[in-house]
Amino acid sequence: MEILRAQPTALVKDLADRLGASSSSIRRDLNELESIGLVQRIFGGVILDPGAAQEPPFQIRQVIYSKEKDSIGKAAAAWIQNGDVVFIDGGTTTPFIIPYLLGHLGITIITCGVNVATAIPDGKDNISVILVGGELLVKTQSISGPMALESLRIYALKCNKAIIACTAVSAELGATNRTLERIPLKRMAIEISNETAMVADGSKIGKGALGNICPIETLQLLFTDCSAPPKDLDRIRDCGVKVVVADENLREKEV
């Protein structure tokens, strides 16, 4: 999908060469992309469907920018301390945090992300997990709706930290999200937490989406990667947000 956004038409052979895969594997992938409405197959190749949604489906977003998301996950996990109670949002970036938390002691994770909860292997008694109840949004593998909000209210849950995912983040528009149903729970997680961090790969920086999660000044930290536009990061920093940029070698640096 990244290749096709740069050049909307491609041959199977050229894609196989660029991705180091067999032509048969490429054809299977293209058939799957066509089945979910992102591309159109043509003889010997493919074209990007001009009517495809601006944001790819969840199953595609889980695998694109995976190296960047892994580096962000490592940086975010380093922010969490032993004994913390932390809300970890659903999404495609937040599950990458979990492998780097497995050595922490006495932490409690509250999450609305089914994929976050299931990323924790069996036998990890050092990590307690609370999965909020409510309506399952299959397309995002997350729990949402009034029941999810009430499950946080009824026990008056409090968190040391919240790690929130978003569709886009900028100094001007703050943190925004395309799926409106998920915004109320994100807001409540921020409200019940002492500190809030946003995780967003570089493709989301400096942009906006349909619904507002919070103003940029609400955040204490932003974890992103080295592909983020530096000027947009400077604007976010000027709003008082600490920006941590994780590079492709899984190192991290403050900006």
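Read the figures in this text as sums done on the coordinates, not as results from a lab. Computed from a prediction, not measured in an experiment: that's the story for all the values here. All Cβ positions, glycine included, derive from the backbone under ideal geometry; neighbour counts span all protein chains shown.
So the values come out like this:
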| item | result |
| --- | --- |
| Simple spin-label estimate for N126 and T9 in nanometres, 7 Å along Cα-Cβ | 5.6 |
| Spherically averaged projected area of the stretch 2-52 from its Cα convex hull (nm²) | 3.1 |
| Calculated from backbone phi, Karplus (6.51, -1.76, 1.60) coupling profile of the stretch 226-240 in Hz, x at Gly/Pro | 6, 7, 5, x, x, 5, 5, 5, 4, 5, 5, 4, 4, 8, x |
| V39 long-range amide H proximity, modeled H, under 5 Å | E34, D49 |
| Added length on full extension, which subtracts the Cα-Cα distance from 0.36 nm per residue, T108 to F43 | 18.1 nm |
| Cα centroid of the stretch 183-199 to Cα centroid of the stretch 84-125, whole Å | 16 |
| Residue pairs, from the table K74/K231; K67/K161; K139/K207; K139/K242, whose Cα atoms sit over 27 Å apart | K139/K242 |
| Packing-based ranking, highest mean first, of 4-13, 154-163 given that Cβ atoms within 10 Å are counted | 154-163, 4-13 |
| Expected 222 nm ellipticity per residue - DSSP helices of 4 or more, -39500 (n - 2.57), all of the chain, to 500 | -8000 deg cm²/dmol |
| Computed P(r) (all Cα pairs; the stretch 97-158; 10 Å bins; percent) | 21, 47, 30, 2 |
| Three principal axis lengths of the chain [C-alpha, angstrom, descending] | 59, 40, 34 |
| Residue with peak Gaussian network fluctuation, the chain [Cα springs, cutoff 10 Å], from R237, R187, R18 | R18 |
| Order by protection proxy (mean Cβ within 10 Å, highest first), peptides 38-49, 211-222, 120-131 | 211-222, 38-49, 120-131 |
| Amide H contacts of T196 (H built 1.01 Å from N, under 5 Å, at least 5 apart or other chain) | A162, Q220, L221 |
| Principal axis dimensions, largest first and in whole angstrom, of the stretch 148-242 by Cα | 43, 25, 19 |
| Among G134, G37, G206, residue whose mean-square fluctuation peaks in a GNM of the chain (springs only between Cα atoms under 10 Å) | G37 |
| In Hz, Karplus ³J(HN,Hα) per residue of the stretch 144-159 (6.51, -1.76, 1.60; θ = phi - 60°; x = Gly, Pro) | 8, x, x, 5, 5, 5, 5, 5, 7, 5, 4, 9, 6, 5, 10, 10 |
